[in-house]
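Reviewing the structure listed below.
A short reminder: the numbers here are calculations on the coordinates, not readings from a lab. Note that this is a predicted model, so its numbers are computed, not measured. Cβ atoms come from the backbone with ideal geometry, glycine included; neighbour counts cover every protein chain shown.
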Amino acid sequence: MNALTPLTADQSYLRHFWHPVATVNELEAADPAGNGPIGRTLLDEPLVIAKLNGKYVAMRDRCAHRYAKLSVGKVLENNRIQCPYHGWEYGASGRCELMPACPSDAIPKKAFTPAYACEERYGIIWVRLDSSWDCTNIPYCEAWENPEFKRQIIAEPYNWDSSAERRWENFTDFSHFAYVHPGTLYDPAYSEPAIVPVDRVGGELRFFMEPGRDMLDTLPDDSPLGSWNYRNSMPFSVNLSIRLYKNDKPFLLWTTSSPTSQNSCRNFMIIAHTEDDLPDSQPLDFQKLVLAEDQPVIETQPGPIYLDEVSLPTDKISNQYRKWLRELSTAAAKGEEAFKAALFTDVTESK
Ligand code: FES
Ligand code: CO
């Protein structure tokens, strides 16, 4: 693969975005007090996630002393993370506040671990590794905004041996439905997808698609066939707002892929619907079925996207997405103003 040209040689622009690292449920399951710590990886950076003084924190998962992982330590009642090896205690800022072996010595300046911006939203913990420009937002999610929704399901995250870029493209790729999901999401008779207008608005890639209504006759009842309205916050979020053909009600499939490395991702999903009595397992099981169809194919792709790949006009969504990723990566290398302009300059094709 060495002769190939990657779409974005410099991935450091991704550090300026908010990425999901864990659900609140996962952190709460990790210890009886519900404060963690747990270990996660984001863009090859090992992180310790915990709740200190009621606030979520994310720090590099490495004690300054002998580099043991803080994520296998404890959150103490004094709201510090204690290293499992020699008991150094770290506060929310990442500074070491106690070295039990010599408690009255001055604490060395270098006795800290970097702390990153960390926020909770949608029952998910988000981290931004580089906040020096502070110009990006946590991705849009409609689940709690639309009062029609009666139930919001925060799914358990799942890992794929695929890049977040490939995962995003897979989710929004219209021409794979007929091949990977025949009889689940699509009728193979509709293998020529429409080419739709694509807009950039406020850092989101937006588009709209109406799959054939006739497919209602052949697809299972759980298949979310309807008009598909996408508001996808860059770089890895998808907010797929569906108006179901079968009953004209809204249904939301939201997913955000978190880049653990260039070849692996951790995926977060929220489903929102309007039904009173629908057990969570029903829409979740249907999504699992769809994911089980996608995963073995997507994991055969290389992690990085290459410029050498052959694109068709019907790949418009991914073509536009790739173009924007490339612009963001190039702009970030030039600095803050260029990055902001690349992210927030609207480009509108639709009327
Ligand atoms: Fe953490 Fe020694 S390695 S206290
Ligand atoms: Co698919």
Dividing the mean separation of Cα pairs under 8 Å (6+ apart) by the residue count of the chain yields a relative contact order in percent of 20
Simple SL model, points at 7 angstrom along Cα→Cβ for SER132 and LEU291; separation in nm is 3.6
Plugging the Cβ-Cβ distance of VAL72 and THR218 into 1/(1 + (r/R0)^6) at R0 = 41 Å yields, to the nearest 0.05, a FRET efficiency of 0.20
So, for the Cα atoms of the range 142-344, Rg and Dmax in Å stand at 17.0, 53
Quick calc, THR41 & ARG151: beta-carbon distance into FRET formula, R0 35 Å, rounding 0.05, result 0.65
Footprinting proxy, ASP61, ASP10: sorted fewest to most Cβ within 10 Å, the residues are ASP10, ASP61
Within the range 164-186, the residues whose backbone N lies under 17 Å from a label point placed 7 Å from the Cα of LYS246 along the Cα-to-Cβ direction are 182-186
In debye to the nearest 20, the charge dipole size for the range 82-122, taken about the Cα centre with +1 at each Lys and Arg Cβ and -1 at each Asp and Glu Cβ, equals 160
For the chain, the Cα gyration tensor yields equivalent-ellipsoid semi-axes (√(5λ), largest first, whole Å) of 39, 24, 18
For the pair ALA189 and LYS55, the simple spin-label estimate (label points 7 Å beyond Cα toward Cβ) gives in nm 5.9
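Using only alpha carbons, build the gyration tensor for the range 18-128 and give me the equivalent ellipsoid semi-axes, biggest first, whole Å. Mind showing how you got there, number by number?
Numbers: eigenvalues 107, 41, 26 Å².
Whole-Å semi-axes of the equivalent ellipsoid: 23, 14, 11.
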By the Cα gyration tensor axes a ≥ b ≥ c (a/c under 1.5 gives rounded; else a/b larger than b/c gives prolate, otherwise oblate), the shape of the range 106-236 is prolate
Quick note on GLU299, GLU337, GLU165, ordering by fewest other C-beta atoms within 10 Å, gives GLU337, GLU299, GLU165
